[in-house]
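Note sheet for the following structure.
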Amino acid sequence: MNHNRFRAIPLRKRTTLRSLSSSMNMSMTTLFRRLKSGHIRRHSNAIKPYLKEENKISRLQFCISMLDHGSIPHDPIFTNMFSTVHIDEKWFYMTQKNEMYYLLPDEEDPIRNVKSKNFIDSYVFSCCSDNAQLTRQFSAKRSSSIYLLNFGVGAESTRNNGFYLDEETLKHVVHRVQGAKSLTIDCLQMKNDSSIINILSDHIEDLSLLKCSHLSYDILRAIGERCPNLRSLLIEFAGLGAPDLLRMKLTGMLQKVSLLESLSIKIRGTLRDVFDVRPLVAFLPEGLKKLKLQQTGEMFFVVWLHTVRDIPWFKLQSLSLVLDVISDGLIRTVVDSLPLLVELDLEDIPFMEPSVRDLTNIGLQSLKYCRHLIALSIVRSRKNFPTSFTRVDNIGMFLLSEGCRGLESVKLGGFVKVTEAGFSSILYSCLNLKKFEVLTSPLLSDLAFDNMIGVARSLIELRLVSCRLLTSEAFEDLSLFSKLEVIDTSGCRSIGDPCLFYISSVTTVTKLNLAEADITDTGLAILGKGNLPIAHLCIRGCKRVTDKGIQFLFHDERKICKTLSVLDVGRIAGITDAAIFTIASTAKALTDLSLRFCFHVTDAALKMLVNRPNNNSSQLQRLDLCNCRGLSDDLIMLFQHKSAFRGLRWLGVGRNPLVNKREDFSKICKARPWFVVCFDDCEFGCHDGWQYHKSDD
């Protein structure tokens, strides 16, 4: 065979033996012999992504970042990666275009129907793996691999691949991944217990059941019987009442899951019903290290702690409670009973002004005896009654910061008598601080952040919510925090455009919440020029922003055009169809869009979202159109079109003309079993309202 002649044949004529034989003027039989003898070889060629210089540099920088800095420059080695988790995902089609079946002669040919052969339903599965290690929180060695099957939608997820599955679809999906050890399921469309009971089995170790609006407490009995190897359970019930029945079912389950290490039970939508934990003492699993209850009574829990403190094997390390009131007695009992506590999360929702039983400076001071504490959250909610921690002042914060210098996460809400001096003492004392959050503090001013040179540089999340005295000057030294990823100033109405100039200098920010800020189009132009990799952006209620600001933000194909996945532009009167046109044409990675109370948005804007360039309309997963009065009910025809919004998982249409199209939406939801339409005023995914509208789900 003439090799030179062979090499001269173009590759496009070498894709089959037939075309190659024609070009070589040689029979196919001879060519096949040459293939078998090894004179020619078969090669499968895949297209590779083209790497620009900046892509190559970025990959090289990632490799360099994995070097152990202590070994540079003489003996460079890579880190042990003990703190690294590897995550990958895989999409599976529910069926294939063509499948082969073996049938008996008298069997009928099966019929399979889909809307289009090009759009077969598919589902995502994620797998996480990490290196086995000992953690500060738990002395037990973790498994080196975790298998994750996630059908839920989390409010804080960076990327939302979740589905709202119905019973039939869930059954098919779980059948394909038998043996999964971890299940997280959004139960919003599960109509009865059997939908979940049928998929429970003894190989499940981690189970999370979210938004169980239709499930009963009997599901706890089924979990105990079918999941004896369960190690972690999180379940959210709607307010079903009957606390005695809950206790009975829970105690029955706890007797059968002896390996349980983490238990989280949330009862949403209840008012005065509290969970009495006292009868559970005799049934606690010996390995329980994490406990989360919503909601329980302060007096019930104090009595319970006094009982369990004498159990030698009880070594709780993480405690999260929603109570009727947080008191000094509760704090002291927690400190005395749980000496190994690492995480403490307390929230109370009082129905009246607490009098004698309330938190004071003495209660905060007692936290110094929690030697292992690294995460602290104390919040008073004003949901039921407008009250605050009136008996805690700066002295309490001084005592807390002095006694708990090892804190890495701090969340404080409702401390209305604490000024900038008290809050700044925590920033200066806790040198390993990674998360700092303050909620509803009327006395927190810019002075708390004056001269930040002595503050730890490890801060990753900074949330200052509804702190009305804060201005842009509070963020002047923001560039000192080179690891900062999350900034939340929602409700800080005195923050203006200069703040965006300071934020634009922090090149690591991925989450930014500026709700109700006094920013303008100029500020958004500054933010856009900063070229930050922002994935979540909220400018809800920024009344001085107009369509031009949105254009400035996405001008010139900046980085935000490629990274932004969640955008909230609700409650802005200046937002019209022009802004939506800009978003639709430039925000290439957008998955969640909130247009709540955007009165000037019309049907034309929604049609533009459908006709996004490069078929990007299928990426949109959640769309909030609550109170968009400029829309018409004719828009229902857009959602009925099979190719429109193919990836949409959640749609909010509360208080707009589409509310009258419930029957039409019902037909759409039957054709798309993963699709949920909310006719109330819920936020994305009905995360905080699902328990109140069972009949509409």
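What the table below lists for this structure:
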{"read-out": "Shape category assigned to region 461-595 from the gyration tensor of Cα positions, a/c cut at 1.5", "value": "oblate"}
{"read-out": "Derived scalar couplings ³J(HN,Hα) [region 206-212; Karplus, 6.51 cos²θ - 1.76 cosθ + 1.60; whole Hz; x for Gly, Pro]", "value": "10, 10, 10, 10, 9, 6, 7"}
{"read-out": "Cβ charges +1 (Lys, Arg) and -1 (Asp, Glu), total dipole of the chain, debye", "value": "3280"}
{"read-out": "Fraction of accessible area attributable to carbon and sulfur, the chain (%, probe 1.4 Å)", "value": "53"}
{"read-out": "The chain - percent relative contact order, Cα under 8 Å, separation 6 or more", "value": "6"}
{"read-out": "Rounded if a/c under 1.5, otherwise prolate or oblate - region 368-466, Cα gyration tensor axes", "value": "prolate"}
{"read-out": "Inter-site label distance for Glu402 and Arg33 at 7 Å from Cα along Cβ, in nm", "value": "9.7"}
{"read-out": "Residue-averaged [θ]222 nm for the chain, counting only DSSP H segments that reach four residues, each worth -39500 (n - 2.57)", "value": "-7000 deg cm²/dmol"}
{"read-out": "5 angstrom amide H check on Val438, placed H, neighbours 5+ away", "value": "Leu412, Arg463, Leu464, Val465"}
{"read-out": "For Arg59, solvent-accessible area (1.4 Å; no DNA, RNA or ligand), Å²", "value": "140"}
{"read-out": "In region 1-62, chymotrypsin sites (Phe, Trp or Tyr not before Pro) in a DSSP loop with at most 13 other beta-carbon atoms within 10 Å", "value": "Tyr50"}
{"read-out": "Calculated from backbone phi, Karplus (6.51, -1.76, 1.60) coupling profile of region 573-579 in Hz, x at Gly/Pro", "value": "5, x, 8, 10, 4, 4, 5"}
{"read-out": "Cα coordinate range in the chain, projected on the principal axes (Å, largest first)", "value": "99, 70, 64"}
{"read-out": "Rounded if a/c under 1.5, otherwise prolate or oblate - region 298-427, Cα gyration tensor axes", "value": "oblate"}
{"read-out": "Met28 accessible area, 1.4 Å probe, all protein chains in place, Å² to nearest 10", "value": "80"}
{"read-out": "Two-site label geometry, Lys191 and Asp450: point separation in nm, points 7 Å out along Cα→Cβ", "value": "6.4"}
{"read-out": "Pairs beyond 31 Å (Cα-Cα), from Lys191/Lys562; Lys607/Lys670; Lys249/Lys411; Lys181/Lys211", "value": "Lys191/Lys562; Lys249/Lys411"}
{"read-out": "Those trypsin sites (Lys or Arg not before Pro) in region 1-43 that DSSP places in a loop and that have at most 11 other beta carbons within 10 Å", "value": "Arg41, Arg42"}
{"read-out": "Amide H within-cut-off set for Leu346, under 5 Å, with H built and near neighbours excluded", "value": "Leu321, Ser377, Ile378, Val379"}
{"read-out": "Accessible surface, per residue, of region 4-90 when the full set of protein chains is kept, probe 1.4 Å, Å²", "value": "90"}
{"read-out": "DSSP bridge pairs, the chain: antiparallel proportion in percent, nearest 5", "value": "15"}
{"read-out": "Where Cys467, Cys538 fall by accessible area, highest first, once all protein chains stay in place (1.4 Å)", "value": "Cys538, Cys467"}
{"read-out": "Rounded to whole Hz, the Karplus (6.51, -1.76, 1.60) HN-Hα couplings of region 589-596, x for glycine and proline", "value": "9, 5, 10, 10, 9, 10, 10, 3"}
{"read-out": "Linear extension gain, Ser482 paired with Asp310, 0.36 nm per residue minus alpha-carbon span", "value": "57.3 nm"}
{"read-out": "C-alpha center-to-center spacing [region 217-239, region 315-345] in angstrom", "value": "24"}
{"read-out": "Sequence-distant residues sharing a close amide H with Leu263 (under 5 Å, placed H)", "value": "Leu233, Lys290, Leu291, Lys292"}
{"read-out": "Label point distance in nm, Ile111-Leu259, each placed 7 Å from Cα along Cα→Cβ", "value": "4.6"}
{"read-out": "Given charges at beta-carbon only (K, R positive; D, E negative), |dipole| of region 450-515 in Debye", "value": "200"}
{"read-out": "Within straight-line cross-link reach of Lys667, lysines at Cα separation under 17 Å, skipping those fewer than 8 residues along the same chain", "value": "Lys115, Lys642"}
{"read-out": "Protection proxy ranking, peptides 499-512, 585-598, 653-666, average beta carbon neighbours within 10 Å, highest first", "value": "585-598, 499-512, 653-666"}
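The values are calculated or read from the model by the stated rules, or taken from the named source; none is laboratory data. Just so it is clear, the structure is predicted and the values come from calculations on it, not from any experiment. Using ideal geometry, Cβ is built from the backbone for each residue, glycine included, and neighbour counts are taken over all protein chains shown. Side chains included, ligands, DNA and RNA excluded: accessible areas come from the protein's heavy atoms. Shrake-Rupley method; radii C 1.70, N 1.55, O 1.52, S 1.80 Å.
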